[in-house]
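Quick notes on the structure that follows.
Only the coordinates and a few stated rules stand behind these numbers; no lab work does. Being a predicted model, the structure only gives us computed values, none of them experimental. Reconstructed Cβ throughout: ideal geometry from the backbone, glycine too, with neighbour counts over all protein chains shown.
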Amino acid sequence: MVLESPAFARALIDWQRLHGRRDLPWQGTRDAYRVWLSEIMLQQTRVATVLGLFPRFVARFPDVETLAAAPVEAVLALWAGLGYYARARNLHLCARRVVAEHAGNFPRTAAELATLPGIGRSTAAAIAAFVRHERAAILDGNVKRVLCRHFAISGAPVGAVERALWKQAESLLPISSSDMPAYTQGLMDLGATLCTRRAPHCAHCPLAASCLAFRQHRVESLPTPRTRVEKPHRVARFLLISDGARILLQRRPMTGVWGGLYAPPEDAALPARLGLADDTPLSLPPRTHVFTHFRLRIHPVLYRVAQMPIPDDAALECLLIDDALQAGIPAPVARLLREIAPPTAVGAHESKTE
């Protein structure tokens, strides 16, 4: 028999309290700022990655007022390592909205939280559940997988199937609001540690006895994968202008790919404008960077100069390579800078940008 609420919730809560994760740095608090920050960081990012960056971020921005008052460039630089930089821009915008419109206090309900930048329905529910113990259902990728398997729901979890999953998630909430933190964390923990996409640990799952996919030997085939669509390809020619110690970078516009980050300029006319027309650049091996919706084929060319040219555009800056690695730069740019810099030009700092 498939477990229904409250049996489903009780089994999950009991398991979480015995075996779930309870020592993460953002747990054990009802501080809305820290809960919100952790939930945004954990979107599409592994817990192990967030563990290393969350304490550093909180040390620099200990509250929403400090974050709102900071320049977005400082937020982007500290976000290095988490990727998906639109989250950082929305984080900053959300902080400013909370300060300007809510006197620094996060809204109390999931419905109100979902009106803020970067906070979707599931994230809003998680924040409200942890902070206010609101009976609000979450439905991130891990939870979709748990529910699709437990109730043997076929079809890619989008559209009508996703709407059905939302109704299922809402029907399973525990009766007591005081159980909401453990229940919500239990769903997250189960999907992240046992009901994993590949090689799930069904023998240790508290819901295995009632899981239809487990009974029907369909665990590996659920959830139904989405139809694969070939990602479009884009091409970029990165101009690496460097004297070995410094590099010419461009602050990208806030909108678009890598918005607000430093990256090599791509303007083909730039070398001539800077007096490098007679210099023969060195073509470095091309490489591919995969985004969510497309693949970027990068063709880097290196101009080794004896003296750094004077930038002719306010968006261009000459930075020490070590300083650039500590600023907000995308992962492929960080790899390129470490590749072209002599060992003495790069200090002990290692960028972990994704």
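Worth pointing out:
- Of the peptides 108-116, 16-24, the order by per-residue mean of other Cβ atoms within 10 Å, starting with the highest, comes out as 108-116, 16-24.
- Each Lys and Arg contributes +1 and each Asp and Glu -1, all at the Cβ; summed about the Cα centre of region 7-221, the dipole is approximately 480 debye.
- Once the Cα-Cα distance is subtracted from the 0.36 nm per residue extended length, the residue 227 to residue 276 segment shows a gain of 12.9 nm.
- Span-like helix check, the chain: qualifying full DSSP H segments, with Cα axial length of 15 Å or more and mean Kyte-Doolittle of 0.5 or more, are 47-60, 121-132.
- Most fluctuating residue given options 127, 175, 329, as computed from a GNM of the chain linking Cα atoms under 10 Å: 175
- Once the Cβ-Cβ distance of residue 335 and residue 175 is raised to the sixth power relative to R0 = 45 Å, the FRET efficiency obtained is 0.30.
- Mean residue ellipticity at 222 nm, helices only, the chain: -11500 deg cm²/dmol; runs of at least 4 DSSP H residues each add -39,500 (n - 2.57), and the sum is divided by the number of residues.
- The chain shape via C-alpha gyration tensor axes, a/c threshold 1.5: prolate
- With K and R counted +1 and D and E -1, the other residues having a Cβ less than 15 Å from that of residue 178 yield a net charge of +2.
- Compared with the alpha-carbon gap, the fully stretched path from residue 268 to residue 59 is longer by 71.1 nm at 0.36 nm per residue.
- In terms of its C-alpha gyration tensor, region 233-345 comes out rounded, because the ratio a/c of the largest to the smallest axis stays below 1.5.
- Ordering of 86-95, 289-298 by burial proxy (mean other Cβ atoms within 10 Å per residue, highest first): 86-95, 289-298
- Sites residue 299 and residue 108, calculated FRET efficiency, Cβ-Cβ separation with R0 35 Å, nearest 0.05: 0.10
- Here the extension length gained between residue 121 and residue 201 equals 25.9 nm, from 0.36 nm per residue of separation less the Cα-Cα distance.
- Sites residue 29 and residue 74 - FRET efficiency at Förster radius 25 Å, r taken between beta-carbons, to 0.05: 0.55
- Computed label-point distance, nm, for sites residue 255 and residue 47 using a 7 Å Cα→Cβ extension: 3.8 nm
- Between residue 320 and residue 93, the modelled label-to-label distance comes to 3.5 nm, taking each label 7 Å out from Cα in the direction of the beta carbon.
- Cα gyration tensor, region 231-291 - rounded (a/c under 1.5), prolate or oblate: prolate
- For residue 246, the residues whose modelled amide H falls within less than 5 Å of its own, excluding neighbours fewer than 5 places apart on the same chain, are 321.
- Ordering of 179-187, 49-57 by burial proxy (mean other Cβ atoms within 10 Å per residue, highest first): 179-187, 49-57
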